[in-house]
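The values are calculated or read from the model by the stated rules, or taken from the named source; none is laboratory data. Quick caveat: nothing in here was measured; it's all calculated off a predicted structure. Here the Cβ positions follow ideal geometry from the backbone for every residue, glycine too, while neighbour counts run over all protein chains shown. Protein only, heavy atoms only, side chains kept; ligands, DNA and RNA dropped before computing areas. Shrake-Rupley method; radii C 1.70, N 1.55, O 1.52, S 1.80 Å.
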Amino acid sequence: NTVDYGLADIEKILKIVTDLKSFSKEDETEYRQVNLHDLIEATLYVIHDDSKYDIEIEKQFDEVLPQIKCFPSKLSQVFINLLVNSAQAMEGKGLITIKTERVKSMPRKGKPRVRITVIDTGCGIPDDKLNQIFDPFYTTKSVKKGTGLGLSITYDIIKAHGGRITVRSKPGEGTTFFITLPQSIDI
């Protein structure tokens, strides 16, 4: 069996391979300056799958967001975990909004920071479960769908970057994750 690929198919394959290489090739002992919007776009492209989810992505990017120093593949993992969880919480149909913005620093609070907000229109999380979602192995999914490690890993990555992740959610109203990161990290 042979498959004929058109130019558009070949370009798509090359883009996927390039994006995957940028994730897998990163040396995790070094951090570098990155454009956060490019990192989010590459992550969206890698996880995009029309056949599995009918989800609209709305991007509200701060046009003058500064570059940040980070471990790019680690932050990509954070975005993958949040976006896949959001898609699953919406049972394959809904809206995910991704916002980026600069955070004004208070004089004694330290370095300039950026905030990434991921909002979904999913099923939401009950109040009594919110304090457990970052615990290792905690999951509301079936054994076939999740291990309960995604949000725990996400939390650890954000902390390692000197950042903070918080969540707000109501059953039936969706979930919002707030990630605040310094523009550069001290190692």
At 7 Å along Cα-to-Cβ for each site, give me the label-to-label distance between residue 99 and residue 38 in nm. 2.6
How long is the gain from residue 62 to residue 173 if the chain were fully straight, where each residue apart is worth 0.36 nm and the alpha carbon distance is subtracted? 37.4 nm
Most to least packed among 167-180, 76-89, 123-136 [average Cβ atoms within 10 Å]: 76-89, 167-180, 123-136
Å² per residue, accessible surface of the stretch 43-104 at 1.4 Å: 53
Assuming 0.36 nm per residue, please report the length gained on full extension of the stretch residue 129 to residue 48 beyond their Cα-Cα distance. 26.3 nm
May I ask which of 93/159; 69/129; 74/99; 69/170 have a Cα-Cα span longer than 27 Å here? 93/159; 69/129; 69/170
